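Below: one structure, written as structure tokens.
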């Protein structure tokens, strides 16, 4: 009854459009976040390594609707589960680490914050539910503030990625590491960008997504290392057998036009 009264209040005070948005939000939380996890949970074969959900398959997700991609419970996609596999094996043995996490997703953020040895600071320009709403090219942090930086699929949205990389380098502690992931087309020798393409339709055609401003090519290491980082490219998926990869869906489907995910491990030398 309270929900019905609130809906009529929104309709009366804020108009039909706000009422529709409110209804969509309600449907999302009631249906998507509750019913779908149970529906897709009928059966077995898939496990989300982040939230522990088990079921028959993950949800389709993305511009191209990659099948078997997003966790129905926490929303984590293939690359988020891969990041956790990598992070949990490489860093959780270390004590008391400060992590800066860009453009956080709920499931992975929660998983990181549940670890007692990790202090997580979240930041993003567009998201409001973060610790610091900030531009990656002008971060509000002192030099050398963080041990680890997680920056997954952010730089392709930033017009000046060189300045963004310089900021990552600045706020990272000496001997710290930035974990960077970007959509990469390894058929391209050089990264492709064109600042004259400004429409959503044009960017989707040129860069694969309407809010992307470039396609990274095989020169990603060179681009990142020009800032001062020492860069290693890690094909982390390849260390697992196919049954494990399929169980946790760590690799994008063939419908995904991006090449399989690579992790760029970027260290800040002394």
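Here are some notes:
- Of all residues in region 74-125, those satisfying the criterion of being at pLDDT 95 or above, within 10 Å of the chain's Cα centre (by Cα) and under 18 Å from residue 266 (Cβ atoms) are 83, 101, 102, 103.
- Qualifying residue in region 199-212 (condition: surrounded by 13 or more Cβ atoms within 10 Å (Cβ to Cβ), without any contact (Cβ under 8 Å) to a residue 60 or more places away in the chain, part of a loop (DSSP other than H, G, I, E, B) and in contact with a strand residue (DSSP E or B) (Cβ under 6 Å, 6 or more places away or on another chain)): no
- Among (1) buried (at least 19 other Cβ atoms within 10 Å of the Cβ); (2) in contact with a strand residue (DSSP E or B) (Cβ under 7 Å, 6 or more places away or on another chain); (3) within 30 Å of residue 195 (Cα to Cα), the one test that residue 112 misses: (3)
- Looking across region 74-97, the residues that are over 22 Å from residue 54 (Cβ atoms) and either part of a loop (DSSP other than H, G, I, E, B) or without any contact (Cβ under 8 Å) to a residue 24 or more places away in the chain (or both) come down to 90, 91, 92, 93, 94, 95, 96.
- Residue match in region 51-73 (condition: at pLDDT below 90, in contact with a strand residue (DSSP E or B) (Cβ under 6 Å, 6 or more places away or on another chain), part of a helix (DSSP H, G or I) and not assigned by TED's automatic domain parsing to the domain that holds residue 182): no
- Enumeration of residues in region 80-101 that are buried (at least 21 other Cβ atoms within 10 Å of the Cβ) and over 14 Å from residue 111 (Cβ atoms): 100
The values are calculated or read from the model by the stated rules, or taken from the named source; none is laboratory data. The model shown is predicted, which means the values in this text are computed figures rather than measured ones. Reconstructed Cβ throughout: ideal geometry from the backbone, glycine too, with neighbour counts over all protein chains shown.
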